[in-house]
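Here is the structure we will look at, set down as structure tokens.
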Amino acid sequence: MKIVGLGMICSEGQGSANLEKALQRGWKEPGTVATPHIPGGAYPAYLVDFANLPDKTLLKKIRRSDAVSKMSVLAAADALADSGIKDITQKKLGIILTTAFGPHVTTFNFLDDILDHGDAAVSPTTFSNSVHNAAASYIAMSLDIKGPTLTITQFQFSFQSGLQLAQAWLDQGRCDYVLAGAVDQYGDVLGYVADHKLTTAKDGKIKPFTFKPTCQIPGEGAAFFLLSNKHEGNTYCCVDAIHTNADPDHGQSVDINIIDADGMLLDESAYLTSLSKDIPTAAYSPLFGSMMIGGAFNVAAGALMLKQQRRYATPVQDNPHNIRLLTATEDGALAKIRCTGYNCYAERSVIYLTKL
């Protein structure tokens with residue numbers, strides 16, 4: 001299947017053009033967020049700034065939604081607009097939203113309201129926004145999409161599973177296009193758990209190639225892809241294969257390895273076994289933060305590189321294992337990119353992207 005439209009929002013801003021600028025620029029120091037349990041304390045974090053969005057028209061339609069839904073709608077709308085396909089919402093268009101944690105901030109707020117005010121005084125809006133499928137429903141409602149809609153929630157490989165389902169929908173003819181994406185939000189609970197169970201990078205830099213010990217900086221955002229079996233619209237590349245655990249295509253030659261390593265595991269040494277001295281490797285998590293759905297942003301980076309035939313240097317190049325890194329940003333022929341992720345059970349996910 002082909003990526004025929006790309007949209008996103010993260011700490012870098014809204015739209016793939018801002019991700020492209022970040023890839024060109026390299027690492028930037030993250031912002032900070034207050035720690036409620038430590039007076040005067042702060043965590044580093046890569047957060048979405050809704051106040052600085054250039055156009056807030058779409059947000060007015062969903063003003064009562066939470067941050068997860070807002071990010072999802074903005075990224076999904078970007079993907080549709082980026083495709084340039086006329087009347088796309090009137091075609092056989094499905095929605096697949098994937099997430100690791102869902103609207104966990106809203107869920108905790110709902111539980112706090114029950115504890116503070118009792119069942120009878122809880123806000124029905126907070127309750128409805130705490131449902132995991134709420135974000136996908138907001139996308140369908142605000143963008144006038146009438147096709148099948150599904151939300152996949154799992155801690156690891158949710159985005160990869162969403163791509164596999166999108167391919168099935170397209171192959172079965174259930175849809176002519178699928179709007180598939182991933183979203184996750186930062187919250188105080190997530191920040192607290194990450195800081196206590198994982199290692200927060202004191203200098204603000206995720207170092208993907210240290211592997212053990214790892215270091216994380218929480219992030220948030222959404223990345224959406226308009227997918228089709230047809231070569232049309234603003235086509236970026238082809239999603240050749242999506243594998244989880246087993247990788248029957250491992251022997252294939254690729255031009256670049258992109259790894260998801262972002263500090264969300266205590267030990268990321270498994271990535272070492274998937275790398276080759278002959279293939280340059282990159283990791284772009286230092287640009288947008290540590291997220292369970294970070295693989296979606298890496299796929300977006302790979303799609304941009306294949307479309308533009310341009311290699312972007314890995315932003316943080318600490319390299320204690322002497323891996324062959326992609327150290328320079330330059331134009332050059334690219335045919336295939338492999339995006340690799342591991343979960344806490346050392347199970348592997350692989351997405352192959354190829355130039356059309």
What ranking do Phe157, Phe50, Phe225, Phe288 get, fewest neighbouring Cβ atoms within 10 angstrom at the top? Phe50, Phe157, Phe288, Phe225
Measure out, as a whole number of angstrom, how far apart the alpha-carbon centroids of region 197-243 and region 103-134 sit. 30
Charge sum, other residues only, whose C-beta stays under 15 Å from Gln164's C-beta, Lys/Arg counted +1 and Asp/Glu -1: -3
Cβ charges +1 (Lys, Arg) and -1 (Asp, Glu), total dipole of region 1-158, debye: 640
For the chain, calculated [θ]222 nm from helices alone, where every DSSP H run of n ≥ 4 adds -39500 (n - 2.57): -9000 deg cm²/dmol
A chain fully extended from Gln309 to Lys28 at 0.36 nm per residue, minus the present Cα-Cα distance, gains in nm 98.7 nm
What residue among Asp267, Asp247, Asp119 shows peak mean-square fluctuation when the chain is described by a Gaussian network model with Cα springs under 10 Å? Asp119
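Could you pull out the longest piece of the chain with no exposed loop GluC sites (Glu not before Pro) in it, calling a site exposed if DSSP puts it outside H, G, I, E, B and it has at most 15 other Cβ atoms within 10 Å? Don't skip to the end; give the middle numbers.
Numbers: sites that count: Glu232, Glu347.
The longest such stretch corresponds to 1-231.
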Taking a threshold of 24 Å on the Cα-Cα distance, which of the pairs Lys21/Lys205; Lys146/Lys230; Lys2/Lys207; Lys2/Lys91; Lys56/Lys91 fall above it? Lys2/Lys207; Lys56/Lys91
Summed residue charge, Cβ within 15 Å of Ala134's Cβ, Lys/Arg positive, Asp/Glu negative: +2
Return the Rg/Rh value of region 49-133, two decimal places, where both radii are evaluated on C-alpha atoms and Rh is the Kirkwood radius. 1.06
So how long is each side of the chain along the principal axes, counting just the alpha-carbon atoms, biggest first, in Å? 63, 51, 37
What whole number of Å gives the distance from the Cα centroid of region 1-55 to the Cα centroid of region 275-353? 18
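Read the figures in this text as sums done on the coordinates, not as results from a lab. These numbers were taken from a predicted model, which means no experiment stands behind them. Positions of Cβ are backbone-derived with ideal geometry, glycine not excepted, and every protein chain shown enters the neighbour counts.
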